[in-house]
């Protein structure tokens, strides 16, 4: 991997376009996708770009050639009413600036619509940002056409996490262990998983490992753990070492929610060589065909105890061979694809010849 700083500026004086990413300098608790994207953007003189991370002064007053949005609703959200008002005014000013200057706007479609809907002002401003978006980067072809209808779509698969977690000590596999890792949110089907597991007989265990998005969901998980001693609730943000230990202890990682835009949790499990149980559908079928037999198991309808039983039996009696095939998700390929896109958009804006935008 080519590596660069994740501070306010990456790379040196490359002469390449300056790209403002819509996230702040990553922290240990940040989504690894963002850090890996920054690290793997080429910065050489021939094909390099300069990526800068987000601040409102930089967004409204700084110089950049391309704006790249990730989860644009996060620009607008705050815990306080005053904070939301300030962010709405700032986002409106940002929209006006890129529109006036005709700055190319790229949006990665991590999910076509926000998981938790916002208010009317947020929806209005998101529609305005969609209207000025030049290109959408899709993690899977299934989301092409779902948002920003005037934009040119480009498919760049979500990179894997093998290098990110390499060298971190794992845990011995626990027979019958099911794990649901990551941030706990209502749409992820945690309640269905708890109900299905409680109906599953035998010496099995369910480890719910991650920080809850709200107190009500945390209360339901704790109540399930109080009712059933087999349910282990670790309701806190796990660092990378803790996440590796939790996932590698599992026989099966259960993610009972559809992921239209691609799922980092799925790739987390597969990067750590653990099979996953997912809702049946085109997304799961596509992933199963990519990674090889035995790694992706599916269910239809609401998750039930027999779905868990069937998947656990399959991974024990017929375990997958080798490792899942994630060769199409190497980060150097992902980084180069983004850099090609940035240079093409910046060149089109200035009239310089650039790499054609792949559509």
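What follows draws every value from the coordinates through simple rules; no lab data is involved. Since this is a predicted model, take the numbers as computed values, not measurements. We place every Cβ from the backbone using ideal geometry, glycine too, and count neighbours over all the protein chains shown.
Calculate how steeply helix 331-350 sits against the longest principal axis of the alpha-carbon atoms of the chain, using the helix alpha-carbon long axis, and give the answer as 0 to 90 degrees to the nearest 10. The helix 331-350 is inclined about 30 degrees to the chain. For segment 188-229, backbone nitrogen atoms closer than 13 Å to the point 7 Å from residue 313 Cα along Cα-to-C-beta are found at 201. Counting other Cβ atoms within 10 Å as a rough exposure proxy, the listed residues 64, 161, 257, 187 run 187, 257, 64, 161 from fewest neighbours to most.
Relative contact order for the chain: what is it in percent, counting Cα pairs under 8 Å that are at least 6 residues apart? Contact order relative to length: 17 percent.
At each listed q (0.08 Å⁻¹), what is the log10 of I(q)/I(0) that the Debye formula gives for the chain modelled as equal alpha-carbon point scatterers? Debye output, listed in q order: -0.43.
For segment 164-326, averaging the sequence separation of C-alpha pairs within contact (under 8 Å, six or more residues apart) and dividing by the residue count gives a relative contact order of 26 percent. Relative to the longest principal axis of the chain, what angle (0 to 90°, nearest 10) does the C-alpha long axis of helix 215-227 take? It is inclined by approximately 20 degrees. Between the helical axis of 81-101 and the longest alpha-carbon principal axis of the chain there is an angle of about 50 degrees. Put in order of Cβ neighbour count within 10 Å, fewest first, the listed residues 136, 248, 146 become 146, 248, 136. Derived from the Cα gyration tensor, the three semi-axes of the equivalent ellipsoid of segment 224-359 are 37, 18, 15 Å, largest first. Only helices enter this figure: runs of n ≥ 4 DSSP H residues, each worth -39500 (n - 2.57), summed and divided by the residues of the chain, yield -11000 deg cm²/dmol at 222 nm to the nearest 500.
GNM remark for the chain: springs join alpha carbons under 10 Å apart, and the peak mean-square fluctuation among 22, 55, 30 falls on 30. Legend: ranking of residues 295, 56, 164 from fewest to most surrounding C-beta atoms inside 10 Å; resulting order 56, 164, 295.
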